Amino acid sequence: MGVSLIPLSQSNKWLMSAGILDMIKLTTTDTGLAFFKFRKRALSYVEYLTYLKDLATSYNLNFEDMKYRMQICGKPSIMREDIKT
């Protein structure tokens, strides 16, 4: 089953798992500001790639390395607080 939309909370967990979001070079404030430029609660895959490119450009990160690190760490698990009832 594929994920259709990625919310900021899951994105931050994924970036943290991949060692990209380290709260020094890249913080949750940084990711939030970049994410909310889209004015959406969750992003599609294509939008998410644009978001990652924006982060990479803005914070001098290697986009291809980011994608690789996120891929090898695996997708974040769905946490209870992310499930809307």
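The values are calculated or read from the model by the stated rules, or taken from the named source; none is laboratory data. Bear in mind the structure is a predicted one, so any value in this text is a computation, not a measurement. No Cβ is skipped: glycine too gets one built from the backbone with ideal geometry, and neighbour counts run over all protein chains shown.
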Checklist outcome for this item: Scanning segment 1-17 residue by residue, those under 15 Å from LEU49 (Cβ atoms) and among the hydrophobic types (A, V, I, L, M, F, W, C) turn out to be VAL3, LEU5, ILE6, TRP14, LEU15
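Quick one: which residue in LEU55, LEU33, LEU49 is surrounded by 14 or more Cβ atoms within 10 Å (Cβ to Cβ) and either at pLDDT 95 or above or assigned to a helix (DSSP H, G or I) (or both)? Can you show your working first?
On the way: LEU33 fails: surrounded by 14 or more Cβ atoms within 10 Å (Cβ to Cβ); LEU49 fails: surrounded by 14 or more Cβ atoms within 10 Å (Cβ to Cβ).
Answer to the selection: LEU55.
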Checklist entry - Name the residues in segment 58-85 that are modelled with pLDDT of 95 or more, out of contact with any helix residue (DSSP H, G or I) (no Cβ under 8 Å at 6 or more places or on another chain) and either surrounded by 14 or more Cβ atoms within 10 Å (Cβ to Cβ) or not in a helix (DSSP H, G or I) (or both), would you? => result ASN60, ARG69
Checklist entry - If the Cβ limit is 8 Å and pairs must be 6+ apart or interchain, which residue in segment 29-55 that is over 13 Å from TRP14 (Cβ atoms) pairs with which residue that is among the acidic types (Asp, Glu)? => result ALA34/ASP54; LYS37/ASP54; PHE38/GLU47; LYS40/GLU47
Item to check | Top-ranked residue in segment 1-17 [being within 10 Å of the chain's Cα centre (by Cα) and in contact (Cβ under 8 Å) with a residue 40 or more places away in the chain; ranked as nearest to MET66 (Cα to Cα)] | outcome: LEU15
